[in-house]
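These notes concern the structure reproduced below.
The values are calculated or read from the model by the stated rules, or taken from the named source; none is laboratory data. If you're wondering where the values come from, they're calculated on a predicted model, not measured in any experiment. Using ideal geometry, Cβ is built from the backbone for each residue, glycine included, and neighbour counts are taken over all protein chains shown. Keep in mind that these areas ignore ligands, DNA and RNA; they rest on the heavy atoms of the full protein, side chains included. Shrake-Rupley method; radii C 1.70, N 1.55, O 1.52, S 1.80 Å.
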Amino acid sequence: MAGGGGAAPAPKQDELQPHPVKDQLPNVAYCITSPPPWPEAILLGFQHYLVMLGTTVIIPTALVPQMGGGNDEKARVVQTILFVSGLNTLLQSFFGTRLPAVIGGSYTFVAPTISIILAGRYSNIVDPHEKFLRIMRGTQGALIVASTLQIIVGFSGLWRNVTRFLSPLSAVPLVALVGFGLYELGFPGVAKCIEIGLPQLIYLIILSQYLPHVIHAHKPIFDRFAVLFSVALVWLYAYLLTVGGAYRHAAPKTQLHCRTDRSGLVSAAPWIRVPYPFQWGAPTFDAGEAFAMMAASFAALVESTGAFIAVSRYASATPLPPSVLSRGIGWQGIGILLDGLFGTGNGSTVSVENAGLLALTRVGSRRVVQISAGFMIFFSILGKFGAVFASIPAPIFAALYCIFFAYVGSVGLSFLQFCNLNSFRTKFILGFSIFMGISVPQYFNEYTSVAGYGPVHTGARWFNDIINVIFSSKPFVAGLVAFFLDNTLHRHDMRKDRGYHWWDKFRSFRGDTRSEEFYSLPFNLNKYFPSV
């Protein structure tokens, strides 16, 4: 062999080969159709329940006091969200996309709900409880109307026709910002009580990423149940700080975020209570409020599309056929209808944090998520027990979000393996859509926080709400820009650059035999409701 004595040997040919493209994610322990053993599945299901509790508690904690409600109303709203989330998760896993997606509360619907709270027609009500009931009924009416958008767009097949034009390139900004776009819920939430939030984040990383490689255990215990171990440890530590008097003289805000006894849920929750439709009274309808909620429903539809794509990847399934995605959106519309009927005060979307948990555990089993839905329903009925878990301090959940939202963002970036990254067209679409997806909502949010209203401020309040809600959604803006550019910028010459050919066989349900295994309906329902 020629060359000097100190020269490094030339790399072998196989070392120079790029990593092969995979349409199913490898190294997943249990995919959709392969459930873990029952004891493990039950523990994993409980872990999913624990993770979705954060959003379930944070949203009512922010909204119910503004509506005029106290701890009693907050506890009942948390129970109702839990109960309806359990129902929606079961419906989605049996009849919707059939993916292991948890359907829970959504931050997208918070803005129109606040708009309803601030509506002039409620400002004259003196009695706080009466005000709460009236606002809740108004929110219910708006959600019932808004649900029709997703039901029609999903079940009519309209969304199927739109998503057929989705390529891996245009999916990247959409899915990436479904995760990365929630960055303000991560470390800023941890920092609200840094002595609890930061240990939670560090423990979770050590248990899930480092410890398994140090111990070399035969069974993946620490990485698979890292959330249970770390939350139990830090929650106990937070409890000891609370009873030890560490926050006795702290500021009220610090006490609210750090103490384990400040949620007010345990004392207010009833022992047993079954949420039921129209429990707050008959819904009221207002056209302007309904339009604002429809805008949130449309933004949530786009965000859920990205989240469903992320879940399918982490469940080691093949890419979602557009007909299955459309069916899932239709059932999500039914979920929002149930939100309106039961009175959750909030709409439903795919839980992004639970999508990230699939990645951490490497378990994408449908059964696990169905078990977690059982926990949601069980603990929503047994109010006191559910309230104990719901009283976990919010910074602990924020620490979990730092990892789970990051996982969902990274799975969005992973679709770049199908694209030509040396193409200037790819670089432009990718960079511009992600940049605008972060920049445009930032402008809308900054303007709103300074002025007290959105940049669009015409005499028609419903129109203002529609534009301000839609353009405050990072995945919506990024997905819209990427989808438009990808389908208008000389797309026919760039088919391979866009990665479109990789997803060709998944455009129809019958295009790939694996679709039947992952997405076909149970009880032989495919015969009556065929996917195309």
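Summary of computed values
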{"item": "From the coordinates shown, percent of Cα pairs over 47 Å apart corresponds to which of [x] 14; [y] 20; [z] 10", "result": "[z]"}
{"item": "Cα-centred dipole magnitude for the chain, charges only on beta-carbon of K, R (+1) and D, E (-1), debye, nearest 20", "result": "520"}
{"item": "DSSP H segments from the chain that extend 18 Å or more along their own axis, Cα-based, with Kyte-Doolittle mean of -0.5 or above", "result": "38-67, 71-94, 128-155, 226-243, 287-314, 322-342, 366-381, 394-414, 424-451, 474-488"}
{"item": "Cα centroid separation, the stretch 183-202 to the stretch 115-141 (Å)", "result": "33"}
{"item": "In range of the label at F435: residues from the stretch 472-507 whose backbone nitrogen is under 15 Å from the point 7 Å along Cα→Cβ", "result": "478, 481-482"}
{"item": "Label zone at R248 (point 7 Å along Cα-to-Cβ), backbone N below 18 Å, the stretch 387-410", "result": "none"}
{"item": "Residue (of P36, T61, H19) at the positive-pole extreme of the stretch 1-108, dipole from beta-carbon charges", "result": "T61"}
{"item": "Ranked by how many other beta carbons lie within 10 Å on average, peptides 274-283, 26-35 from highest", "result": "26-35, 274-283"}
{"item": "Net charge, P212 excluded, C-beta distance under 12 Å - Lys, Arg +1, Asp, Glu -1", "result": "+2"}
{"item": "Computed E for K22/T148 - FRET, C-beta separation, R0 45 angstrom, nearest 0.05", "result": "0.70"}
{"item": "Most positive-pole-ward Cα, P173, S312, S323, against dipole of the chain from beta carbon charges", "result": "S323"}
{"item": "Debye, to nearest 20: dipole size of the stretch 16-124, +1 on Lys, Arg Cβ, -1 on Asp, Glu Cβ", "result": "180"}
{"item": "Highest-first arrangement of 441-448, 391-398, 159-166, where packing means the average Cβ count within 10 Å", "result": "391-398, 159-166, 441-448"}
{"item": "Paramagnetic label zone (point 7 Å from Cα along Cα-to-C-beta, T448; backbone N under 20 Å) in the stretch 478-503", "result": "478-481"}
{"item": "Distance in nm between pseudo-label sites at F523 and L489 (7 Å out along the Cβ direction from Cα)", "result": "4.7"}
{"item": "With DNA, RNA and ligands ignored, accessible area of E73 (1.4 Å probe; Å², nearest 10)", "result": "30"}
{"item": "Among the listed pairs K131/K192; K219/K496; K474/K496; K384/K474, those beyond 32 Å (Cα-Cα)", "result": "K219/K496; K384/K474"}
{"item": "Protection-proxy order for peptides 306-312, 330-336, each taking the mean of Cβ atoms within 10 Å per residue, highest first", "result": "306-312, 330-336"}
{"item": "Charge context of T163, other residues only, Cβ under 13 angstrom, K/R +1, D/E -1", "result": "+3"}
{"item": "Förster radius 41 Å - calculated FRET efficiency between E195 and I467 (Cβ-Cβ, nearest 0.05)", "result": "0.50"}
{"item": "Net charge of neighbours whose Cβ lies under 11 Å from the Cβ of G345, counting Lys and Arg as +1 and Asp and Glu as -1", "result": "+1"}
{"item": "Partnerless cysteines, meaning none of the other Cys C-beta atoms lie under 4.7 Å away, in the chain", "result": "C31, C402, C419"}
